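S.K.: Sending over a structure as structure tokens; questions will come in a sec.
The values are calculated or read from the model by the stated rules, or taken from the named source; none is laboratory data. Since the structure is predicted, the reported quantities are computational estimates derived from the model, not experimental observations. Glycine also receives a Cβ, built like all others from the backbone with ideal geometry; neighbour counts cover every protein chain displayed.
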Amino acid sequence: MDPEQNDIDWEKLEGILAKPEQERISLKEQLLPQEKIALEQLEQLQADELLTGALQLDTQHAWNKTQALIGGVSVKPVRTIHHAWKKWVAAACFLVLGGTAWLLWRNRSAEIVQGQSIQQGMAGHTPSAKVQLITATGQTLEVDSLRQFSEKDGTTIYLQQGAMTYRPENGPSVTNNAGDALMNTLIVPRGYLQSLVLSDGTKVWLNADSRISFPVRFRMEEERRVSVQGEVYFEVKHDEQWPFIVSVYTPGHDTQNSIADAEVQVMGTSFNVKAYNNTIYTTLATGSVLFRPPAGKPLQLSPDNQVTYKTQTGVSTLQKISSEDFTSWRSDDLVMDKMSLAELAGLLERRYDVQISFSNESLKKIEYSAALHLTSQVADMLENLEQTGLVRFAVRDKKIIVLPFEK
Amino acid sequence: MSKTKAPDGPFNLASLDVREFESLFQQHYQWLCLLCYKINGNWNEAEDLVQEFFVRCWQKRESIVIRESWNAFAARSVKNAALNQLQKNDIRHKHEIAAQDNTTSVNERPDQDTGEDERYLRLITAINQLPEQRRKVFLLSRRPDLRYTDIAAQLGISVNTVKMHMRLSYQELRKVLETSLLFFYLFFK
């Protein structure tokens with residue numbers, strides 16, 4: 001390091017440059033030689049509009065756009081769209097495609113004779129089961145008819161703006177330390193989403209076909225521990241003293257009586273876990289979590305990291321993603337990045353409690369990249385998908401069949 | 001990583017994977033936009049041209065042969081693209097530009113031009129390599145409407161910290177300016 005360089009009083013120089021020209025010139029005369037050079041450099045830097053303009057360009061945004069253009073090489077993608085603007089592009093594309101597809105649809109509708117129209121076929125469809133709560137005594141309650149309910153320990157459970165809320169009667173969520181904590185289980189079947197506020201204030205969103213077991217009150221002598229299956233998003237109430245641990249179970253494993261397939265240890269954070277099959281996805285939105293497979297090193301996640309863990313091979317991989325894309329299901333927004341139609345069908349089956357089959361195996365491989373909103377009626381959703389011009393749907397006996405678009 | 005470190009020598013695009021290509025993009029995007037802007041005076045169009053250039057590079061990476069350095073190749077490509085676009089946009093307009101060019105031909109001397117281009121690349125790189133908080137402070141300081149107290153408030157730090165960041169930024173950037181000032185003096189003094 002050149003000691004002289006460090007002696008430059010930049011603030012003084014900036015002050016000089018801010019002065020009117022006359023004064024600036026006379027002040028400049030009084031400067032030391034190296035200060036004069038520094039002043040000229042500073043002047044050059046400050047007056048450079050090209051540089052200022054270039055520095056304001058959003059390189060990340062530009063890359064996302066460029067990547068979208070170079071990324072799409074899959075079977076026949078609808079379109080590859082990335083990040084914030086993708087929703088708008090998708091919406092616009094659907095509008096445009098919607099118009100053309102509607103014309104096609106009108107010409108075609110006469111030809112559909114074997115199956116009913118989607119709207120007629122799915123009219124009056126409702127999910128077959130309801131959201132259920134299993135209480136500490138083993139009683140089963142239907143959540144939508146639940147007004148208010150009290151557990152043995154005095155915790156009241158009520159619905160607040162659609163979220164099941166646990167509120168301890170007296171003070172913070174401390175129980176008497178004798179015996180096991182009272183456990184409740186919330187079961188969300190296909191066709192529903194349900195949110196929940198635990199006694200410590202932690203917020204939980206359950207996707208369709210998911211369940212969570214949790215203590216009615218957390219016992220503040222050990223860690224806070226809950227067990228989940230399916231897909232669940234957490235906003236954990238920060239409490240350094242009492243770590244929050246989520247045990248993840250893949251389907252077929254009892255959340256109460258068997259050993260977890262993996263655990264996520266939380267340090268006050270929001271994140272998503274998804275375990276609908278033999279793969280567990282853990283996605284971090286904010287804060288920090290530790291993913292613990294049953295064997296091997298735990299993995300620390302930073303925001304926008306995702307761990308994919310295969311329970312059969314025990315292999316976990318960490319990748320960088322946009323966490324928003326993986327957590328927007330809470331508001332029924334779906335972001336597809338090269339999602340196969342087979343995967344999309346599985347998702348719709350869960351979300352609407354419907355059955356979808358394929359008339360032709362090759363249709364399963366069609367890939368979608370788009371952002372769309374899951375409408376409340378499955379028929380509207382299927383019609384939107386038809387507008388992409390890749391497949392069409394028929395309904396027989398309330399069962400949905402995917403057909404090629406051509407004939 | 002080393003492959004994408006602003007290569008100076010002959011350079012093979014086909015050897016890059018997407019991530020390496022991305023970092024090439026990240027490092028050169030603002031600079032290449034600046035070069036386009038110098039020609040067409042429009043940031044939006046400059047951005048489009050540079051993005052198109054990168055798309056072309058990626059799609060044709062197997063067949064593009066770069067004999068010069070990546071920097072020289074990229075600069076030449078986007079400038080040509082900007083000039084072509086200008087030509088297409090408006091023939092009349094082009095004549096006006098040409099007339100202007102004659103009067104200011106001193107600035108168009110090739111050596112000086114490349115020197116200045118390189119200086120911008122070094123400056124932008126240096127600024128983007130400042131530590132995150134310092135870079136934020138520096139970028140905010142470029143906005144004429146913000147004073148140090150405003151920057152401090154916006155970032156939730158003290159005014160003295162802002163001053164410290166500015167001092168360290170200037171010291172860093174000065175090293176870059178030092179060499180390019182020489183150039184400046186050679187031509188104009």
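S.K.: Residues of the stretch A:335-367 being in a strand (DSSP E or B) and over 21 Å from A:Val395 (Cβ atoms), which ones?
M.R.: So the first thing to find is which residues in the stretch A:335-367 are in a strand (DSSP E or B), and the list is A:335-340, A:355-358, A:367.
Within the stretch A:335-367, A:Val335, A:Met336, A:Asp337, A:Lys338, A:Met339, A:Ser340, A:Glu367 qualify.
S.K.: Moving to a separate point now. How do the pairs read when you match residues in the stretch A:36-51 that are at the interface with chain B (Cβ under 10 Å from one of its Cβ atoms) and over 12 Å from B:Leu177 (Cβ atoms) with residues anywhere that are in a helix (DSSP H, G or I) and hydrophobic (A, V, I, L, M, F, W, C), using Cβ under 7 Å and keeping only pairs 6 or more apart or on different chains?
M.R.: A:Leu50/B:Leu34
S.K.: Quick check, is A:Ser323 surrounded by 15 or more Cβ atoms within 10 Å (Cβ to Cβ) and hydroxyl-bearing (Ser, Thr, Tyr)? Quick ask: steps written out before the conclusion?
M.R.: Working: surrounded by 15 or more Cβ atoms within 10 Å (Cβ to Cβ): yes; hydroxyl-bearing (Ser, Thr, Tyr): yes.
In short, yes.
S.K.: Only one of B:Val65, B:Val55, B:Val18 is free of Cβ contacts under 8 Å to residues at least 12 places away in the same chain, farther than 18 Å from A:Ala62 by Cβ and not basic (Lys, Arg); which?
M.R.: B:Val65
S.K.: Do we have B:Ile64 as more than 10 Å from chain A (Cβ to nearest Cβ), under 20 Å from B:Lys79 (Cβ atoms) and assigned to a helix (DSSP H, G or I) here?
M.R.: Judged against the criteria, B:Ile64 is not a match.
S.K.: I've got another one for you. In the stretch A:20-35, how many are under 23 Å from B:Leu168 (Cα atoms) and either free of Cβ contacts under 8 Å to residues at least 12 places away in the same chain or more than 14 Å from chain B (Cβ to nearest Cβ) (or both)?
M.R.: Adding up the residues that qualify gives 4.
Per-residue answers, yes or no, for (1) hydrophobic (A, V, I, L, M, F, W, C); (2) in contact with a strand residue (DSSP E or B) (Cβ under 6 Å, 6 or more places away or on another chain); (3) assigned by TED's automatic domain parsing to the domain that holds A:Asp261:
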residue	(1), (2), (3)
A:Thr313	no, no, yes
A:Ala371	yes, yes, no
A:Glu386	no, yes, no
A:Phe393	yes, yes, no
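S.K.: Sticking with this one: Output the number of residues of the stretch A:179-221 satisfying the condition of being within 18 Å of A:Glu151 (Cα to Cα) and in a strand (DSSP E or B).
M.R.: 11
S.K.: Something else about it: Output yes when any residue across the stretch A:134-149 is in contact with a Leu (Cβ under 7 Å, 6 or more places away or on another chain), surrounded by 15 or more Cβ atoms within 10 Å (Cβ to Cβ), modelled with pLDDT of 85 or more and assigned to a loop (DSSP other than H, G, I, E, B), and no when none is.
M.R.: yes
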